[in-house]
Amino acid sequence: MQLRYAFRIEPGPGQRLALGRAFGCARVVFNDCLWARKQAHEQGLPFPSSAELSKRYITEAKKTPERSWLGEVSSVVLQQSLRDLDAAYRGFFASVKGTRKGPKVSEPRFKSKRDGRQCVRFTANAKWSIAADGKLNLPKIGPVRVRWSRTLPSVPSTVTVIKDAAGRYWASFVVETDPADEALPSLDRDQGIDLGLTHFAVMADGSRVRSPRFLRRAEKKIKREQRSLSRKTKGSKNRDKQRARVARAHAKVADARRDFHHKLSTKLIRENQTVSVESLSVKALARTKLAKSVHDAGWSAFVTMLEYKAARYGRTLTKVDRAFPSSQICSACGHRDGPKPLHVRSWTCFACGAQHDRDHNAGQNIRTEGRRIRAAHQVVPPTPGPGASHR
């Protein structure tokens, strides 16, 4: 399976200029090729192929006075920008045909130099390398200092240099790993998780994890920085500086939330052989009055982490359908007691008299339903008949 590792990098002043030049050239090639395909579509002509676009807007464009500066960056960066456009069109056409999973995507749009995120990608053809002193050697940029926090499990195939809205630079490496080499020892533990807002997760065994509410805690500071930004003159340098402060405040919240998700998901995967979780409709919940709290919790990102970590470490993640009435069923006797408003946090089963905490009972029901789903998908091998050969 493919994994991505991101590390902070610290380019010098000259290297930042070189990276800015690479970001700009990649953006220009992307926009030129997108414009050519849009023009062909409007005129009823067939789409120009990637080879034609590469020859016209990269190879030949370098020879013209208007685009001669394209030769100042690595040609691999420009070619990868064209590959990104091809991937965007493939996703768009697959979405139109209905063959793409997930939400529909729109037609590719032109990139702007004012976009909060800028990136360029280097493949093995770019001859980039990691030096013995730990620096990342990039073509026409030079050796860049990397803040290594761990060693890479294998030789990376590509590296993407990213500049985010907060002005931070990252090096993102793609590596290939074999899940069989990282599989953890088998355990005899099963867990069910009920996700919520007051408690981020309530487990079937009764343990609870309170919701950190990172955005709510930083909301006062973000409002203050945003208010200061609204008072700055548009187009001024002070406005650019204040925009970076707002971006850093949001980045701090996002980093803290991601760190919390990683630590909790890793703990659950390491301590349990199977994990069952409810598949929530975050998009629908985000249209309610709880939208800000739902986005602050980040359930979808957390479940995604559980999914890929389970595949990586040889565990099993079972998603229980959101229509499953986990809060209506008594986990003791199985009696369905009907829907309950959100303010009802505990209830008593009319059939057996068991008293339940709403979230703990839901976690137990999710665990039970996960076991049923896994048992239904197990393939029982046929019993060989008389005279069957065993080899």
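The values are calculated or read from the model by the stated rules, or taken from the named source; none is laboratory data. The model shown is predicted, which means the values in this text are computed figures rather than measured ones. Cβ atoms come from the backbone with ideal geometry, glycine included; neighbour counts cover every protein chain shown.
Structural remarks
- Some residue of the range 18-38 being part of a loop (DSSP other than H, G, I, E, B) and among the β-branched types (Val, Ile, Thr): no
- For the range 308-329, a residue qualifies if it is outside any loop (DSSP other than H, G, I, E, B) and farther than 17 Å from Asp190 by Cβ, and the qualifying residues are Tyr308, Ala311, Arg312, Ile329.
- Thr151 being in a strand (DSSP E or B), closer than 15 Å to Ala6 by Cβ and among the hydroxyl-bearing types (Ser, Thr, Tyr): no
- When the range 185-218 is filtered for residues that are part of a loop (DSSP other than H, G, I, E, B), surrounded by 13 or more Cβ atoms within 10 Å (Cβ to Cβ), of a type outside the set (Gly, Ala, Ser) and more than 22 Å from the chain's Cα centre (by Cα), only Asp205 remains.
- Test: residue in the range 100-119 that is closer than 28 Å to Asp255 by Cα, buried (at least 16 other Cβ atoms within 10 Å of the Cβ) and out of contact with any strand residue (DSSP E or B) (no Cβ under 6 Å at 6 or more places or on another chain): yes
- Complete set of residues in the range 105-142 that are under 16 Å from Ala88 (Cβ atoms) and of a type in the set (D, E, K, R): Glu107, Arg109, Lys111, Asp115, Arg117, Arg121
- Residue match in the range 158-175 (condition: surrounded by 15 or more Cβ atoms within 10 Å (Cβ to Cβ) and more than 23 Å from the chain's Cα centre (by Cα)): no
- Restricting Thr64, Thr59 to those that are within 21 Å of Pro139 (Cβ to Cβ), in the same structural domain as Phe173 (by TED's automatic domain parsing), among the polar types (S, T, N, Q) and surrounded by fewer than 16 Cβ atoms within 10 Å (Cβ to Cβ) reduces the list to Thr59.
- Set side by side, the residues Ala126, Ala183, Ala131 differ, and just one is out of contact with any Leu (no Cβ under 9 Å at 6 or more places or on another chain) and farther than 27 Å from Thr266 by Cβ, which is Ala131.
- Screening Glu182 with (1) in contact with a Lys or Arg (Cβ under 7 Å, 6 or more places away or on another chain); (2) surrounded by 15 or more Cβ atoms within 10 Å (Cβ to Cβ); (3) not polar (S, T, N, Q) gives one miss only, at (2).
- Here Pro65 does not qualify as in a loop (DSSP other than H, G, I, E, B), in contact (Cβ under 8 Å) with a residue 24 or more places away in the chain and not basic (Lys, Arg).
- Going through (1) surrounded by fewer than 16 Cβ atoms within 10 Å (Cβ to Cβ); (2) aliphatic (A, V, I, L, M); (3) more than 30 Å from Ala251 (Cα to Cα) one by one, Ala87 falls short only on (3).
- Residue count for the range 42-66, restricted to those that are under 36 Å from the mean Cα position of the chain (by Cα) and acidic (Asp, Glu): 2.
- Scan of the range 223-269 for residues that are closer than 27 Å to Arg189 by Cα and hydroxyl-bearing (Ser, Thr, Tyr), ordered by number: Ser265, Thr266
- Residues within the range 337-387 that are modelled with pLDDT of 90 or more and β-branched (Val, Ile, Thr), tallied: 3
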